[in-house]
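Here the structure comes first, spelled out in structure tokens, and everything after it is commentary.
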Amino acid sequence: MFGISMVLGPIGGGAIIASVGWRAKAKAQVALGNTQLKVYYKLLSNPGMRYHDLGPDYYDRKASTRRQIAYHVGGLGALGFEVTLCRVPEPEPAGSATTPAA
């Protein structure tokens, strides 16, 4: 008679962890397949549509400074605040101090 304590022991615990890892991999593969099917459906259902790659810097552009500023200013505006922003000047590098030419 095997109980829960046997399954959660050192040998059984390894088997449980291995099965969870397999499920995670399978879940990721299904998610990727679903995403690909959505793209294929969209492309095939609209004959004039062409595939447009978003580019390697898509996520960097999505998280750009301007978008973050607009998002946060909008959120503060929704709370009833009026926001005025001004850019803080960047300090000059230490080695590039301006000296008069001799």
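The values are calculated or read from the model by the stated rules, or taken from the named source; none is laboratory data. A quick note: this is a predicted structure, and the numbers were derived from the prediction, not measured. For neighbour counting, all protein chains shown are included, and Cβ atoms are generated from backbone atoms with ideal geometry for every residue, glycine included.
Some notes on this structure:
- Test: G74 is at pLDDT 85 or above, of a type in the set (G, A, S) and surrounded by 10 or more Cβ atoms within 10 Å (Cβ to Cβ): yes
- Among the residues of region 32-65, those identified as part of a loop (DSSP other than H, G, I, E, B) and surrounded by 10 or more Cβ atoms within 10 Å (Cβ to Cβ) are M49, S64.
- Within region 82-98, tally of residues that are touching a helix residue (DSSP H, G or I) at 6+ places or on another chain (Cβ under 9 Å) and either modelled with pLDDT under 85 or surrounded by 10 or more Cβ atoms within 10 Å (Cβ to Cβ) (or both): 1
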